[in-house]
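The values are calculated or read from the model by the stated rules, or taken from the named source; none is laboratory data. Computed from a predicted model, the values in this text were never measured in an experiment. Counting neighbours? That spans all protein chains shown, and the Cβs are built from the backbone with ideal geometry, glycine included.
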Amino acid sequence: MAILSVYTQSHRHFYYAIVFLLLILFQGPLPAQESTDVDLELAASKDILAPVYVDGEVIFYVVGVSSYPAATRAKTIENRLYKVARNYAISPDDVKAIPSDQKIEIRAGSEFIMNVYDPDGQTEGVSKETLAEVIVSRTKSLITQYRNERRPEVIRSNTRKALIAGGILLVVFVTVIWLLRRLGDWIKRRMRKRIDTLENVSFKLIQSENMLKALHVLYRVISSVLVIFIIILFAEYILSLFPGTKAIANFVMSLFLDPLKSIGNGLIGYLPSLMFLVIIFFITRYLLRLIKLFFNGISEGAIEIEKFDPDWAFPTFRIVRIIILAFALVLAFPYIPGSETSAFKGVSVFLGVLFSLGSSSFIANIIAGYSMTYRRAFKTGDRIQVNDYSGFVEDQSLMVTRLRSFKNEEIVIPNSIMLNSALINYSAKLREKGLILHTTVGIGYETPWRQVEAMLKLAADRTSGLLKDPPPFVLMKELGDFAITYEINAYCNESNKIIQTYTELHQHILDIFNANKVQIMTPAYEGDPEVPKVVPKDQWETPLASDT
């Protein structure tokens, strides 16, 4: 019950502050301030409950109404208690509860302290009689404690204790500073060896100096907190020895203890939600492990599903994982600390808007990446062509596809472009029947077509990168104005050697046509030259001109 709760301070802790000690030695008890029933500074307050303080400690709580606020009533009662406690003619046993009409008066001899009404007891869930007995008991204890703490011999004894505590604080302070310095040097020596080793293992990605600076800052923060904590403990003890500074001690400790109490109470109250989040975490984790094992089996061929390509296993697992994580997040969201606050909701909406505005291309590339996977348009290692880019597939991720060109260049193509462009896969059918390589030549009408066909087939037969089975074949593409366009077609099963194969095929065509004195008329001509445009065989190996 709030009205029965008393904020007591034990003298288990020790504290320092020489400045505070000087204040203690040279100041007397704080005088009580007289007050009217209504304090003008507090008249606007509409609090329901207010504490009554004496020497910084809460004695009890009182209720108020709009016309007589609780804070005003508490201040008035506090002044009356001070007046009674300073009047040594009044004995603690003179404090009585006197029943009256619809109220109980609390008096100390002839001095009126307060009235106890039914609403006072109803607020705490007890009768006004029971509440009056508690207030009488607390008032008697207050008067006894107030007078005892102000006795000269008690003040002298507490002054000696304060001086001893100050001396102990000085010794402890110097000792702790010395120990912290020695500990810091020891940690620095031990950590430098390990950090240097970590720097070498990480190939200089982790810089030892930066790590040491970070550890030094952390050490200084912990040391400062420890020193401040020791000083605060001693200061609280010294200040709590004297009535005039007990309120300061209580205030200083409340600055540090109240946040810790709030955090502790929040953690205790949050334990059920925390357990629910832990359960969701472990269920989700092990469910994902089981699903991953299942898709591993599909990828390795141990589990077969009709019309489900093993290459789809891990992309499908990633989709299932996203769905499960999203579902787990939806379940866990109400149990996340602060999820019901307006600030949390505002930040969530802000992040959602940023993600929506800036992720259109991001989402498009992810969807395109999955679409390309399930289309089975290509695999890693295939030679493909997208628009003007051609190369071998090195890697396919959710965002981009990386190609290696014939010039050993890396080409990074966003998956959205891959999805919206025509794609040529040179390797898809290569694994089954082979890829047909072809090239064209223009030959005049005076050359028999059977001879041209034989020469082109011979050139294909001499090319090492072309298959003999199926055999090469020749097509007449066009009967032009000045020449016939012939096309040689031959099968190849090595996509990584296409350019070399084309080069070798063209070399053999040139050699064979020159050997048979047949001019290649491509692209066209307007009249027969006087000398055939062929290279005699004895000039095929013409050496390069030497330097002069």
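In the stretch 445-458, the condition of being loosely packed, with under 12 Cβ neighbours inside 10 Å, part of a helix (DSSP H, G or I) and more than 39 Å from the chain's Cα centre (by Cα) is met by at least one residue. Hey, does the stretch 62-80 have a residue that's among the hydroxyl-bearing types (Ser, Thr, Tyr), closer than 13 Å to Val52 by Cβ and touching an Asp or Glu at 6+ places or on another chain (Cβ under 9 Å)? Checking the stretch 62-80: at least one residue is among the hydroxyl-bearing types (Ser, Thr, Tyr), closer than 13 Å to Val52 by Cβ and touching an Asp or Glu at 6+ places or on another chain (Cβ under 9 Å). Please give the number of the condition Arg402 fails out of (1) farther than 24 Å from Thr503 by Cβ; (2) modelled with pLDDT under 80. Arg402 satisfies all of (1) farther than 24 Å from Thr503 by Cβ; (2) modelled with pLDDT under 80 except (2). If you check Phe295, Phe362, Phe314 for being surrounded by 12 or more Cβ atoms within 10 Å (Cβ to Cβ), part of a helix (DSSP H, G or I) and modelled with pLDDT of 85 or more, only one passes: Phe295. The residue of the stretch 395-444 that is farthest from Ile484 (Cα to Cα), among those that are of a type in the set (Gly, Ala, Ser) and under 39 Å from the mean Cα position of the chain (by Cα), is Ser397.
Of all residue pairs spaced 6 or more apart or on separate chains, those with beta-carbon atoms under 7 Å, a first member in the stretch 464-478 that is free of Cβ contacts under 8 Å to residues at least 40 places away in the same chain and assigned by TED's automatic domain parsing to the domain that holds Gln507 and a second member that is assigned to a loop (DSSP other than H, G, I, E, B) and among the hydrophobic types (A, V, I, L, M, F, W, C) are Pro472/Leu466.
The condition of being free of Cβ contacts under 8 Å to residues at least 24 places away in the same chain and among the aromatic types (Phe, Trp, Tyr) holds for only one of Phe294, Phe251, that being Phe294. Each residue in the stretch 387-424 was checked for being touching a residue at least 12 places away in the same chain (Cβ under 8 Å) and part of a strand (DSSP E or B), and 19 pass. Candidates in the stretch 148-181 are the residues that are at pLDDT below 85 and charged (D, E, K, R); of these, the one that is farthest from Leu215 (Cα to Cα) is Arg151. Looking across the stretch 73-97 at every residue that is assigned to a helix (DSSP H, G or I) and of a type in the set (D, E, K, R), the one that is farthest from Gln145 (Cα to Cα) is identified as Arg73.
Yes/no per residue for (1) surrounded by fewer than 16 Cβ atoms within 10 Å (Cβ to Cβ); (2) within 22 Å of Tyr68 (Cβ to Cβ):
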residue: Ile90; (1), (2): no, no
residue: Ile98; (1), (2): yes, yes
residue: Ile104; (1), (2): no, yes
residue: Gly121; (1), (2): no, yes
residue: Gly125; (1), (2): yes, no
residue: Lys128; (1), (2): no, yes
residue: Glu133; (1), (2): yes, no
residue: Gln145; (1), (2): no, no
residue: Arg150; (1), (2): no, no
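Take the conditions (1) of a type in the set (Asp, Glu); (2) free of Cβ contacts under 8 Å to residues at least 60 places away in the same chain; (3) under 21 Å from Pro243 (Cβ atoms); Asp118 misses just one of them, which is (3).
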